[in-house]
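Colleague: Okay, here's the structure, questions in a sec.
Here, each number is a calculation from the coordinates, and none is a lab measurement. For clarity, every value in this text was computed on a predicted model and none was experimentally measured. Neighbour counts run over all protein chains shown; Cβ positions are idealised from the backbone, glycine included.
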Amino acid sequence: MFKKILAAVVTLALALPLSAQAAPIIIKFSHVVANDTPKGQAANYFKKLAEERTKGRVKVEVYPNSQLFKDKEEMEALQMGSVQMLAPSLAKFAPLGLKEFEVFDLPFIFDDYSELHKVTQGPVGAKLLKKLETKGLIGLAYWDNGFKVMSANKPLKNVTDMRGLKMRIQSSKVLDSQMRSVGAIPQVLAFSEVYQALQTGVVDGTENPPSNLYTQKMHEVQKYVTMSNHGYLGYAVLVNKKFWMGLPADIRAALESSMKDATVFANSVAKKDNDEAMAGVKKSGKSQIITLTPAERAAWKKAMDKTHKENMGRIGADIVKEVYAATGYKP
């Protein structure tokens, strides 16, 4: 009789849907940008792949537009386990004691995506991600957003045009130094607050990849956009280490596979989306697009080059020189 009852229980358990057998593992993925940005699209693509490849054993809840946490709050939330996954910009790691990541904030250090990927997809990038483990985090991948443009309500063509402007930046000593190198006054603001700050004149301008500028409608309150491509904005996809290492091995393998493919997707859409965003800005007629001549861009680069010298000790000369060697940058 006992064997018959046991067989019946086993049969019933196998017949039940997975959701009735065990609740899915929840991954809360928080980020601060819109769903239609490269990061927003990649997060949703990762969700799709992860849920498919784990056959519903994992559910990824994506929270865009600072719905859960703002810029300054999200890293602590990840360390505490309030969320399981983030994709913060690379400027966010210095407050954790990982100033080496600010190498990505150095102006003009990458001329194009080819140079960039020699770092993010090479040994230097892997070495940096490994350092996160000492902070209870694991770095899974780098996701591109793109190269930054300048915006303001006055034309920014020459370096002297920046003098006295209050420019919004992310919290980064390197970006602070960069703005001061051209006479601007850096203002740290959460990303979710930038549009209103531009609209009300709290700040005069900003730097952003075009996709951020366009999806947040900043171009509607900025008369000029300069195609400076002076800096890079990218992300590191992070998970809480304790959570990640506690996952079953097969689940972790499926998520790693999903992240690998989501990263290819993220980087492939980044340039396309930024090109389309600039086309959208131009079509809107609300901002005039300024294209720098090679000589003008060289003048910006020369002026901002002091940022490299001023922050060599802060970031670490070794890591800066490793990036120089990978990209061929010559100070």
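Colleague: Please list 3J(HN,Hα) in residue order for region 60-73, calculated via the Karplus relation 6.51 cos²θ - 1.76 cosθ + 1.60 where θ = phi - 60°; whole Hz, with x for glycine and proline.
Modeller: Values, residue by residue: 9, 9, 9, 10, x, 6, 6, 4, 9, 9, 7, 3, 6, 9 Hz.
Colleague: Right, another one. Counting only residues 5 or more places away or on other chains, whose amide H sits under 5 Å from the amide H of VAL203 once H atoms are built in the peptide plane?
Modeller: Here LEU198 satisfy the definition.
Colleague: Taking 0.36 nm per residue of separation and subtracting the Cα-Cα distance, what length does fully extending ASP275 through THR200 add?
Modeller: Values: separation 75, 0.36 × 75 = 27.00 nm, distance 2.80 nm.
This chain segment gains 24.2 nm when fully extended.
Colleague: Tell me, THR327, THR206 in order of fewest to most beta-carbon neighbours within 10 Å?
Modeller: THR327, THR206
Colleague: Continuing with this model, one more query. For region 183-197, what does the Karplus curve 6.51 cos²θ - 1.76 cosθ + 1.60, with θ = phi - 60°, yield as ³J(HN,Hα) per residue in whole Hz, taken in order and with x for Gly and Pro?
Modeller: Listing the rounded values in order: x, 8, 10, x, 10, 7, 9, 5, 4, 5, 9, 5, 4, 5, 5 Hz.
Colleague: Also, quick follow-up: Using modelled amide H (1.01 Å from N, peptide plane; none on Pro or chain starts), what sits under 5 Å from the amide H of VAL58, excluding residues fewer than 5 places away?
Modeller: ILE25
Colleague: Sort SER228, SER181 by Cβ crowding within 10 Å, fewest neighbours at the top.
Modeller: SER181, SER228
Colleague: When a/c reaches 1.5 or more, the comparison of a/b and b/c decides; with that in mind, is region 239-331 rounded, prolate or oblate per its Cα gyration tensor?
Modeller: oblate
Colleague: Once amide H atoms are placed 1.01 Å from N in the peptide plane, what residues at a sequence separation of 5 or more from SER66, or on another chain, have their amide H within under 5 Å of its amide H?
Modeller: Amide H neighbours of SER66, under 5 Å, 5+ apart: HIS31, VAL32, VAL33.
Colleague: Relative contact order of the chain: what whole-number percent is it, with Cα pairs under 8 angstrom and at least 6 residues apart?
Modeller: 25 percent
Colleague: Then there is this: With each run of n ≥ 4 DSSP H residues scored as -39500 (n - 2.57), what mean residue ellipticity at 222 nm is computed for the chain after dividing by its residue count and rounding to the nearest 500 deg cm²/dmol? Could you put the intermediate results ahead of the total?
Modeller: Details: 14 runs with 156 residues, N = 331.
So the helix-based figure for the chain works out to -14500 deg cm²/dmol.
Colleague: Using θ = phi - 60° and the Karplus relation 6.51 cos²θ - 1.76 cosθ + 1.60, list the HN-Hα couplings for region 127-138 in order, rounded to whole Hz, with x at every Gly or Pro.
Modeller: 4, 5, 4, 4, 5, 5, 5, 5, 9, x, 10, 10
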